[in-house]
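Take a look at the structure set out below.
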Amino acid sequence: MEIVPDIQLKEENNKVILVGEVIEKYKKSHETFNELFYSFRISVKRLSGDTDELEIVISEKILSNELIKIGNTIVVDGEIRSYNYVMENEERRKLILSVFAKEVREIKEEDLTTNEVTLIGYICKKPIYRKTPFGREIADILLAVNRVYGKSDYLPCIAWGRNAKFAENNLEVGDKAKIVGRFQSREYVKKNGEKEEKKVAYEISLSSIEKIKEEVEIEVEVKE
């Protein structure tokens, strides 16, 4: 029986592939262990005709000046990352999501998928179930997805209809789950006193969700 290394398993916990148009020139994001990282945004079309504007973070090691130009359509293969951003002049933190690119390439004829996310992680909070004024069922889910080297990403997901009802009835804190969906942006209006501010939230919209039963490994000592 083939044994899959733990590192490989963790890499498969978080996979995203996007096809979109570059809408922003890349700029310096941060530096880690003398390696520079840059960020830019792409516009990804939905089947409805709407678009999601998503942030991509890329290492200088795979950055291509010719490929990442405004107007170019590219394929981004990577994983969704989260980090807490401390709001200026405020004590609270904001969860920021972006796509960490492992590969960026030109689009080809066989690239039919435009936005697909696969996540395997653990439920952090009891899913919050509710109904819209029009009676549509929704559940908010927070999933912790482990990275290769001990860190975790906390990713907000939203389930609809039967998936929302499944999450409410079957998922508890600590449960392991597999989620397939799309990474999307959503505009909303926040009231700040008498002023109204337009904000953008990022989340994974579910198309399917599955509860995974944990397997218990038992070591057996064989005596000769």
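What the table shows:
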item	result
Calculated [θ] (222 nm, deg cm²/dmol) that DSSP helices of n ≥ 4 give over the chain, each run adding -39,500 (n - 2.57)	-2000 deg cm²/dmol
Dipole-positive endmost among Ile179, Asn84, Phe37 within the chain (Cβ charges, Cα centre)	Asn84
Residue pairs, from the table Lys28/Lys151; Lys69/Lys178; Lys61/Lys198, whose Cα atoms sit over 25 Å apart	Lys69/Lys178; Lys61/Lys198
Lysines whose Cα lies under 23 Å from that of Lys191, excluding same-chain neighbours fewer than 8 positions away	Lys94, Lys131, Lys199
Protection proxy ranking of 77-85, 104-112 - average other beta-carbon atoms within 10 Å, highest first	77-85, 104-112
Compactness of the chain as Cα Rg over 2.2 N^0.38 Å, two decimals	1.13
Part-to-part distance (alpha-carbon centres) for segment 102-164 and segment 176-194, which is given in Å	10
Carbon/sulfur fraction of accessible area - segment 48-141, other protein chains in place, 1.4 Å, %	47
Probe 1.4 Å, protein heavy atoms only - accessible area per residue of the chain in square angstrom	67
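The values are calculated or read from the model by the stated rules, or taken from the named source; none is laboratory data. The shown structure was predicted, so the numbers you read here are calculated from the model rather than taken from an experiment. Quick reminder, even Gly has a Cβ in these numbers, built from the backbone with ideal geometry, and neighbours come from all protein chains shown. Just so you know, the surface numbers come from the protein's heavy atoms only, side chains and all, with ligands and any DNA or RNA stripped out. Shrake-Rupley method; radii C 1.70, N 1.55, O 1.52, S 1.80 Å.
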